[in-house]
Amino acid sequence: MMRIDIISAVPELLKGPLDHSIVGRARKSRKVEIVVHDLRTYSTDKHGKVDDYPFGGGAGLVMTTQPVFDCIGSLRQEREYQAVIFPTPDAPILDQPTVNKLSLHENIIILCGHYKGIDQRIRDELVTLEISIGDYVLSGGELPAMILVDSMVRLLPGVLGDAESALDDSFQDGLLSAPVYTRPASFRGLGVPEILTSGNHERIRLWREEKALERTREVRPDLYRNFINKK
Ligand code: 6GU
């Protein structure tokens, strides 16, 4: 079973997303083990301090070395980790191929930092992979960590049913999804594309392929070009 250790100074932020829906169910049915560690409990400071003023001045506090080195050190005594991941806006943007690879690991650590950053020595000595979730700024790494966890956990064996199979996802083939509809077939005068109710599975497959290409070309020309060039 995959094990994910998440280190955070604000562990309350992680509760909801880990306890419900797909990730919550995956944990309950033991498809994944997720353990949250409160960084403050590793601080040797009497007030549980985990950050300090930056050398050289500037706004904001920087996460200090001691609690993080001690926390990761004690985890490493228990098992081997294939990755120590640090979500941060100054990193390559997370994509599906990276998620696919990470989901194959046995044990990983995710270290959540503050927006103003963590002491560079932590990144140099402990972190093995840095990821951003997009070009905008968040106040901490906790929400990005939840996004990373969700994206990995849904790929683990037995987590999604056949009906929701991850192989069908938008992005697994580098394209966005075709539009979907459900009952009723007519709602306030709005119908659904006739082909979807035709029962002709080959024509439906071709229609979805065409719509996926169309949609990708319109809203994500970068993905579209990539897809066409790779074919
Ligand atoms: Cl991973 N962290 C923070 N704080 N902000 C972000 C981000 C990560 N990705 C995009 N913005």
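So here's what we get for this one:
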read-out: Test: residue in the stretch 99-120 that is assigned to a helix (DSSP H, G or I) and within 27 Å of Ala59 (Cα to Cα); value: yes
read-out: Tally of residues being more than 17 Å from Met63 (Cβ to Cβ) and polar (S, T, N, Q) across the stretch 75-92; value: 2
read-out: Criterion violated by Asp168 - all others in (1) over 28 Å from Asp222 (Cα atoms); (2) among the charged types (D, E, K, R); (3) more than 17 Å from the chain's Cα centre (by Cα) satisfied; value: (1)
read-out: Every residue from the stretch 38-59 that is touching a Ser or Thr at 6+ places or on another chain (Cβ under 8 Å) and farther than 17 Å from Pro11 by Cα; value: Asp52
read-out: Odd one out for Cys71, checked against (1) touching a residue at least 40 places away in the same chain (Cβ under 8 Å); (2) more than 23 Å from the chain's Cα centre (by Cα); value: (2)
read-out: Residue identified as within 16 Å of the ligand (Cβ to nearest atom), in the same structural domain as Ala26 (by TED's automatic domain parsing), in contact with a helix residue (DSSP H, G or I) (Cβ under 8 Å, 6 or more places away or on another chain) and under 27 Å from Gly16 (Cβ atoms) among Ala91, Ala83; value: Ala83
read-out: The stretch 1-59 - residue that is touching a His at 6+ places or on another chain (Cβ under 8 Å) and not in a helix (DSSP H, G or I) and, of those, farthest from His105 (Cα to Cα); value: Asp51
read-out: Residue count, the stretch 45-92 (criterion: farther than 26 Å from Met2 by Cα, of a type in the set (Phe, Trp, Tyr) and surrounded by 17 or more Cβ atoms within 10 Å (Cβ to Cβ)); value: 0
read-out: Residue among Thr182, Thr128 that alone is touching a strand residue (DSSP E or B) at 6+ places or on another chain (Cβ under 6 Å) and surrounded by fewer than 15 Cβ atoms within 10 Å (Cβ to Cβ); value: Thr128
read-out: The stretch 95-130, subset near the ligand (Cβ under 10 Å from one of its atoms) and over 27 Å from Gly24 (Cβ atoms), residue modelled with the highest pLDDT; value: Glu130
read-out: Hits in the stretch 131-160 - residues which are in a loop (DSSP other than H, G, I, E, B), crowded, with 16+ Cβ neighbours inside 10 Å and more than 9 Å from the ligand (Cβ to nearest atom); value: Arg154, Leu155, Leu156, Val159, Leu160
read-out: Contacts under 8 angstrom Cβ, first residue in the stretch 121-141 being within 16 Å of Val62 (Cα to Cα), partner more than 11 Å from the ligand (Cβ to nearest atom) and assigned to a loop (DSSP other than H, G, I, E, B), 6 or more apart; value: Gly140/Val10
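The values are calculated or read from the model by the stated rules, or taken from the named source; none is laboratory data. Please read all numbers here as calculations on a predicted model, not as lab measurements. FYI the Cβ positions are ideal-geometry reconstructions off the backbone, even for glycines, and counts take in every protein chain you see.
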